[in-house]
Each structure stands twice: as C-alpha cells, then as structure tokens.
Amino acid sequence: MKTVLLLLSSIVSLAIIISLAYTYGRSSRSQATNSADFHEKKMKYPRHLTFQQLELLVATEAITDFGYTSSLSKDDDLLDVQVESTWNDAILYEWTKALNGETSSSQKYPYILCHSGENMSGYERRLALTSTIKSIQQDSKIYLRTLYNKDDSFCAFGHLYASVAINIVRDEYVVQPVLPSLKMIKGLIDAMKEEIIDVDKNGSGMGKGGSSFQEAEAEEDLELEGMGDIMEAITNMLLSVDAESSTVTSSSTSSSFLPLSQQVYLTSEAYIGQKTSSRAEMWSNLLEENQSSGRCDGTYKTGLKWNGSQTARPDLFPSHMQVEYSNSGEMETALGCALVLLLAITANPDVCSVDVQRSVKTHNLIANYLTESEIEDVTPFQEEGIDGTGEVVAISDSGVDIDNCYFYDPNTNKNGPVGSPTGPGPLVDLSFRKVVQYVAYADSGDPSNGHGTHVAGTIAGKRFDEEGAADGIASGAKLAVLDAGRGTACCYIPSNVLDTGAPHAKIHSASWGSYTSGYYTSRDRDFDQFMYENDEFLAIVAAGNAGDDGGLDVPKTVGSPANSKNGIGVGATVSWGSSLPNRGYGPSFVTYFSSRGPTADGRMKPDLMAPGNKMLSAGARPNEQGECDSDLKYSAGTSMAAPVVSGTAAKIRQYFRQGYYPSGEKNSDDAYPNPSGGLLKAVLLNGAQALLGVDNVIRGGGVTPSAPYDNNQGFGRLSLQDSVYLAGKTNVQLKIWDRESVPNGGTNTYDVTIDKSGGCQSKDLSVTLVWTEEGSPSGCTACVLHDLDLSVSFRGKTYYPNGRSSPDRTNNSERVVINGVQDGETATISVNAHNIAKSDQTYALVATACFNGVANTLVGENVFGLQSAAPSTSGEPSSQPSLAPSTSGEPSSEPSLNPSQSVEPSSEPSLNPTSSGQPSLQPSESDAPSSSLQPSVSVSPSQSKKSKQAKTFGKSNKARMQATFMKSGGCISCPLIGIKLVSILIMASSAFYVNV
C-alpha cells in the first residue's frame, strides 16, 4: 500500500485538481450506458453491493452523493428504485473506466472484494478469495487489506486489473468498484467547510496564517521511486483543462485524457439530465467555477514538493508520500478549490479512500491515593518503591517548562536534551534526571500556565530537592517530550508522534484529540497500527471534553485518536479533598464535561475513568527559573485524567519488570522484562470499579445514572487496589497469560480456583481479555476485524462479557465479573477464536480474585465509602444518589439504566440480502448490563433539564470557553502540524488522509 501525504500550507486555503495516470479517448464516454440497458449488460460483471448494503459496510460520502437516506428508502419506494438505478449506472461507468485504463496504460483499479460463503470464518473466506484471484491472474503478490469481518461476510480492499476483477464471478462473491465518493469518509465535506470557513472566522485554521494537511495511502507495493508516476498524475490533474481540446494548459504534457468532469459519474455526460443526486449539481458547479477557470494553476505549477517512505507490509499498512504547496485567496475560492482537490484525488485509480482530521485540541497527590489505596494520604505503591522507576513515558503536548523544580536537573549544565526545531530530535539520554528527550518539533518551551507542563507533572513530576506538593503519579519515571505547541497554539502533531522516546518509551500519553462524531479516522488507524507492530507499546489518550457540548450526556463525543481499538481512551471523574470542585459529588461520579461514547461503529468508549476535575500539578513560568510549589496550578479536563492512567501504567510495567508478580513481593527471579501493551491494558481494565453516575449538577442537570459498560464510564474507574497484588496492601491476587495465541476456530481454556486460605477476603472473580490487532480502514462500520470470545463457566452457568447475555461481537476488550465466589470453587475461562481473518490471533488474559494471597491490612476509611450523598456545598440537586450497592447476586433482566446509551445488540446487521432482496437492518433484542455489578442510583428529576447555556468545545463559543477552561490550561483551538523530513511545516487545523 502506498500513501501520498498532501501537506497543504496556505495563507488562505488550497485548491488541487488531480488527473488520472491513464488516458481516455472520447469514445469511452459512449460506453457508459444508462439504466435502461443496464440489466441487459450487467451479466458481464460480477455482483456488486446494493446501495442499502453499502451503508452497512463503510461510512462514506457516497450515501449523500447519491441522495440516499435510510428513512426515505423505507418510505418512498420510487426514490429507492431511482437511487439504486443511478447507483447501478455509476458502477457500470466505473467498470468502463477501469477496463479502458487497463487497455491504455496497464492501470490497476481499487475494488472492495467480499466473500459471503456460509459456515466459514473470515480467514477461510480470505484464503478462498486470494486463491480465486491467483487462479485468474497467476500472480503471487496479492494484497487484501481487511475492511470488514463479521459472521455474514469478509470484505477487503484489493487493487486489481479490471480483466481479473471482472472474472471473480461466484454467487458468494461481491466485487465492488470503488467509486470516487466511496473514497471519502462520511462527514468530510462538512468538515472541510468547517475547517476552512468557520475556523477562519475565529482566527485559526486555514485562514490567514493557517494551512491544511492531506495524506494518501496507495494500494500496491510499488517501490518508493515508483511513486513518481502517482506524483506526476496528481500534478497534471491540478492544472486547468480546455474543454474543447481536452488538453492541459501547462506545457508539461501533451497527452489527451478524460477531463475530471468525465471521470466522476455524477458530473459526466452520462448522468446529465438525471435528478436523483442533490450533490451532482454541487460538484458540477465546483468544477465549472474552479477547475475550468485555472485560478489555482500558478500554485500547482510551482508550489509542490514531494517526499515519501515505504511500508514493509502493504497488506496491512500504507506507505507515505508527502507534497507541500502554498496557496492564497479568498475563503470562498479556497473552499471551492479544496473540494475540487478532494474530488480529483478520489478520481485517481491509485486512491482507495480519503479521510479528514479536524482541529486537534488539548483536552497529584490526591490522584495518587485515589488510585493506589482509596484511603486519604495512603500510597502503598509509592512507599514500596513502585513509582515508575526505570520507565520512560513519552508525551506529546504544548511543551514542558524544564527548569521547573519538578523537572529540573541540578547535576548537569543544562536542563534537558533539547533538539533543534529544524532537524531531527535528539536521541534519548537516560543520564538526565527527568526529561531524557525533548523534541522541539513546534518550539522549545511551554507558555505561562502551559498545558504540557501540567500534564508532564501529573505523569512523572518530582521535585529535585525534596518531596513536592504535586509529585506525579509515577514520580520515579522519566519523560520523553515532543513539543507540539507553538506559543499558545497546540497541537501540531507529526505522523511519527509515537516514535517519541524510542526505543525506551513503551507508554505514550496524549492529552489532545479531534472531534469526529465518533468515526474511526486515519489517526486512530495509525495509532492502532503502531501498537500492532510494536506489541509492547500502549497509547493512552484523553477522551475529550465534549460530553456537555450542546446538552447533557452527549453521545459520540469521544475524539480521535481516543477512538482507537488498541489504546485506552480516558474519561474524567470528579476529584476529592482540596481538589473537589465546588458542588461536586466526588470521585465516584463521572464529571459533566467528560466525552461519551459509543464510537460510530458501536464500540464502547471511553475505556477507563480517572480523576480529572480538578487536578493540581506543575505550573509553567517561562520567564522564571526554578519555579516550584508556589506556582502550582489546578486544571480540569480529560487532559488531566489521561496522565493519571499513563503514570499508573508505568507503575504496573515496573511491577512486572521487577518481579512483583505473582508473589506480591519484589523477586528478581520473577522479573518479566517486556510485558505487552495489551497486558497493561487488560490489567487496568480488569480492576476498574463501578461509578455511581454522572455529576451534571453544575450544568443544572442533577445526576445521570451510569453503570459499567455504558457510554459514560466504560469499564469504570481506575483502581490499583483491585488490579494487581501487593502483599498485605491490595484487595486481590492476580493471574496473567500474556502473548497467548489461539488458532482460527480454536478455543483455549484456563481453570482458576478460588483460594482464601491466606486471608484474602475478596468476593469477586474478574477476568479480562484484550487483543491487539492491525489498524482498520477509515470510516469502518465494523472496525474490530478479528472476533475473539471470552466466556467463564461457573456453577454450571456461562457468563458472557461486558454485561451481556451473549458474546460481544463489537469490542476487542472483554471482561466478565462474577460476584459472590466462595473458597474452593473453580471457574473455567474460555477464549474462542470465533471469526478471525488470519491464521491465529494473540491476546493477553488476566484474572483477579483470591488466589492464596494475604488480606489487605491497610488501615483507614475508604474515600469512596466516605462520599456524602450531598455535593460539597449547599447547592444540592432535588434528590440524592444512593451510594448503596445492589444486593442482587444474579444478573438482572432490567433494561440499561441509560437506555439511550445501551450496550450494543448481540447480533449484527447482515450484508447478505434477505428473501425480499433487502439487507437485514433490524437487530435482535439488545442485552442490558448486569445490575449485579452496579450500584443503584436514585435519579434527580432535574437530570433531563437542558443546559441553559450549551457549551461548544471549539470555535463558536471560544471566548466563553476560554473563561471556563483556558484558565486551567486547556487548549481550545489548536492547529495541526504535518511532518516533513527535514523541516517544520506549520499546518492548518484540517488534515486529510488519502488512501492510495
């Protein structure tokens, strides 16, 4: 797979038109038939997706381009027929283009290839597809990049000659040409308008001083030097075309080619006169006003610079190319040119998808005892020396004020290894006390009260001279910093951000993200792919602060890359003690602003919760040296919660490295030097505890009920007490199985026996399965590609994960909790490879319960049991939440406490048509979380009341949001920076990923 990165650096905006690499004669137009004779000719072509089936497979702009909506298709039979007819015509048009392209220039074409054979796994379907293709083209190099893998079908992207694709004809096969609008992730057009026009109105983005960023992923394993053909084709298409002669105005080429308007069916002569697509007129007008005028030609002729890198696994991940250019002009012109650019990119047959990334925004002593012991001022892990010593945690943020006393190194002549902004970052130097690498990517410092200094202090801050009032969660760890902030603007994120601290940093903390309505984006994919290729690595990302954006408990507000599959997306709880905000309920409650799930494809988010409202940590004073406790600051946000989890992950990694497992005491003979990132994630999720609800009091909404596995809290709040074993200081013992492997269709079983003979008193058995898999295509509607099933057999009953009464088909993290287990009882854990798209899948598995360990002897009242039903001041809601847990010993049949954010259904919609010829769109009855794991909550009648002043986390309410959050270091409008091999490129707030 090849990738073209378009780094669009502009004064106002940008416009690109890209031509195809092959030529067409005008005769090719006449080959595109209309719907009247489609049925006569369609037998020449393989079966393709119906338009309704398409929506189940991938979220793209094709749904809007062809004028289709689910409600209209059900209510208006005539419209449905018209849409399907236009869709059929467009597919035939693409087949014609593909066949002509192969004939004229040996051009391959992108296809979605599906296999729906019955009683087969994804791996078996993949093998069958590959075998069929090989039998036709006699080529050993066949790369199928998985798009969708469920019980009904396996689908993948393939890049094939049309003469090969057209012969993949079997009843169980679908061969779908990838039309231009199929390559645009859903919401891309609106995002472009927002980033170019709306952002500019607020003084950022692709307005004056702004820019944009695009990336393309190329199919096929071309050599890096072979990318030149793609570059040339794109460059030529950027230039305007004389409609009469069909020649490029530039003298760089004299080859005739099909104009852009004729490469896209909805703007072609074959479509003219039809009225089924509202977008067709928009695209035609954009081409007429922008492409024909040539007003952007000067930029395209002189302003392009290219470079790239090659992937080692084209079947899993794309290569990268970059092109940088400059542009200036009015906003309306800039938007039109940019949209035509996108259309032209998608018309290139080497492109398989286009993605957009929006503006990136930045989203402790008390946190230490809340997560370690849950008893005020008691920190048993710190006292044991489990403080992150020996670990390097990487962060990408606005920078760090490294002469602050929490990072200062008195034993050197300089404060840290700061690299040049215009060159490669410095190597990691472990001799430094705290900051062992500082990559000055955007600049080389943090502004006053900067976001990054606060985040870094929460992770690993440690005074150099004495114990500090705000030492970090992992105060013994060291930091590798990527400075992504330029002044007060953050964050400019390079594509290789996760390389920060390599090879020493195995944890990356990212307190920034982009809101994408829950869609899986290229950045999510990049994070997932990195963790898949570096299985010891774990990325921990702030979920975002948009949970009250436009109302209360707003769903699908978790940002990217917190929507990744393999990382941990962290939401925020209310804090405690001096950090408890006015009128706050306390750490058993989700805070009102914390972003909510699910993802657009239905996965549970956030994954884990930690204190984030509010947090005390280091304060940046760039004009001072040696600032310390007098300059500490409070901040609130999921940006503050993510570093709590990151610091805790460093402690757990040290715990394994230094041999605390399994005895709960340090033993070098038990040292496990390289635990997988999946194991760290499994340990953290497995021990998470239930939260009582969402504290919306400050927003006038009372308390919203919440339970584990819903879209408010995910697995629950972080708890080291219930995650690992420290003899005499935690509640449970731990069993782990790391880097286990299960073959396709196979099942692994593990027996665990409850043993309370040592004094352990825990009443629960908790089991968690986590598997790390490759990144998925942007816009995926079923992003988990390999489906493992966790189940636990106990007392003759089978328990399923994540509060369900049947297997989870949606998530790649699964947990079973069984209450009331007794001494001597045995449970059987099963891990089944239900449907995977490869030969085997590795995973991490953990279990906690009483396994012959001693009792927790820590003395003190548990903070979570001390919480009053009343908030911290007299401003009380109309009724109070009950803190008493449910006494039920069995799963309840009651519906979810929050039906609008219920657990996903146990069965999936099918891509296979029903007997009526329509896809199955109705799920079966949904599963409700088991209330045996949940505390009961009394709901305030005021909870459904709308906020009087809805918050928009971003551009439109910038001044008010600065008053609310900027005083605590949050970044509201932060542009993105794209990476270039030898110099910094300041990018605008939008980012486009074009998969070629």
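Each row is one residue, and each column tells you yes or no for (1) open to solvent by 20 Å² or more (accessible area, probe 1.4 Å); (2) in contact with a strand residue (DSSP E or B) (Cβ under 7 Å, 6 or more places away or on another chain); (3) modelled with pLDDT of 95 or more.
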site	(1), (2), (3)
Arg463	yes, no, no
Ala477	no, yes, yes
Cys491	no, yes, no
Ala505	no, yes, yes
Ser514	no, yes, no
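Residues of segment 367-401 that are modelled with pLDDT of 80 or more, closer than 25 Å to Gly450 by Cβ and not charged (D, E, K, R): Gly388, Val392, Val393, Ala394, Ile395, Ser396, Ser398, Gly399, Val400. Among the residues of segment 599-648, the ones that are in a loop (DSSP other than H, G, I, E, B) and crowded, with 23+ Cβ neighbours inside 10 Å come to 10 in all. Among the residues making up segment 740-765, those that are within 14 Å of Glu825 (Cα to Cα) and surrounded by 19 or more Cβ atoms within 10 Å (Cβ to Cβ) are Val752, Ile754, Lys756, Ser762, Leu765.
Note on segment 778-802: residues that are out of contact with any helix residue (DSSP H, G or I) (no Cβ under 7 Å at 6 or more places or on another chain) and closer than 25 Å to Ala600 by Cβ amount to 14. Condition check for Ser106 on (1) open to solvent by 20 Å² or more (accessible area, probe 1.4 Å); (2) on the phi < 0 side of the Ramachandran plot: one failure, at (2). Does Ile754 fit the bill of being at pLDDT 95 or above and touching a helix residue (DSSP H, G or I) at 6+ places or on another chain (Cβ under 8 Å)? No, not satisfied.
There is at least one residue in segment 799-812 that is surrounded by fewer than 23 Cβ atoms within 10 Å (Cβ to Cβ) and in a strand (DSSP E or B). Give the residues of segment 518-537 that are open to solvent by 40 Å² or more (accessible area, probe 1.4 Å) and assigned to a loop (DSSP other than H, G, I, E, B), sorted by residue number. Residues satisfying the conditions are Tyr519, Asn534, Asp535. Against the conditions (1) surrounded by fewer than 24 Cβ atoms within 10 Å (Cβ to Cβ); (2) out of contact with any Lys or Arg (no Cβ under 6 Å at 6 or more places or on another chain), Ile836 satisfies every one except (1).
With the structure loaded, tell me whether Pro606 is modelled with pLDDT under 95 and not aliphatic (A, V, I, L, M) or whether it fails that test. For Pro606, the condition - modelled with pLDDT under 95 and not aliphatic (A, V, I, L, M) - is not met. Does segment 713-722 include one or more residues that are open to solvent by 10 Å² or more (accessible area, probe 1.4 Å) and in contact with an Asp or Glu (Cβ under 9 Å, 6 or more places away or on another chain)? Checking segment 713-722: at least one residue is open to solvent by 10 Å² or more (accessible area, probe 1.4 Å) and in contact with an Asp or Glu (Cβ under 9 Å, 6 or more places away or on another chain). Which residues, counting only those in segment 538-555, are charged (D, E, K, R), in a loop (DSSP other than H, G, I, E, B) and open to solvent by 10 Å² or more (accessible area, probe 1.4 Å)? Selection gives Asp553 alone. Would a scan of segment 52-75 turn up a residue that is over 35 Å from the mean Cα position of the chain (by Cα) and either at pLDDT 85 or above or buried (at least 21 other Cβ atoms within 10 Å of the Cβ) (or both)? There is no residue in segment 52-75 that is over 35 Å from the mean Cα position of the chain (by Cα) and either at pLDDT 85 or above or buried (at least 21 other Cβ atoms within 10 Å of the Cβ) (or both).
Taken together, the residues in segment 610-655 that are within 25 Å of the chain's Cα centre (by Cα) and polar (S, T, N, Q) amount to 6. Evaluating Ala191 against the criteria (1) under 24 Å from the mean Cα position of the chain (by Cα); (2) modelled with pLDDT of 85 or more; (3) not in a strand (DSSP E or B) leaves one unmet condition, (2).
The values are calculated or read from the model by the stated rules, or taken from the named source; none is laboratory data. What you are looking at is a predicted structure, and each value in this text was computed from that prediction instead of being measured. Because the Cβ atoms are built from the backbone with ideal geometry, glycine has one as well, and the counts that use them run over all protein chains shown. Areas reflect the complete protein model, heavy atoms only, side chains present, ligands, DNA and RNA absent. Shrake-Rupley method; radii C 1.70, N 1.55, O 1.52, S 1.80 Å.
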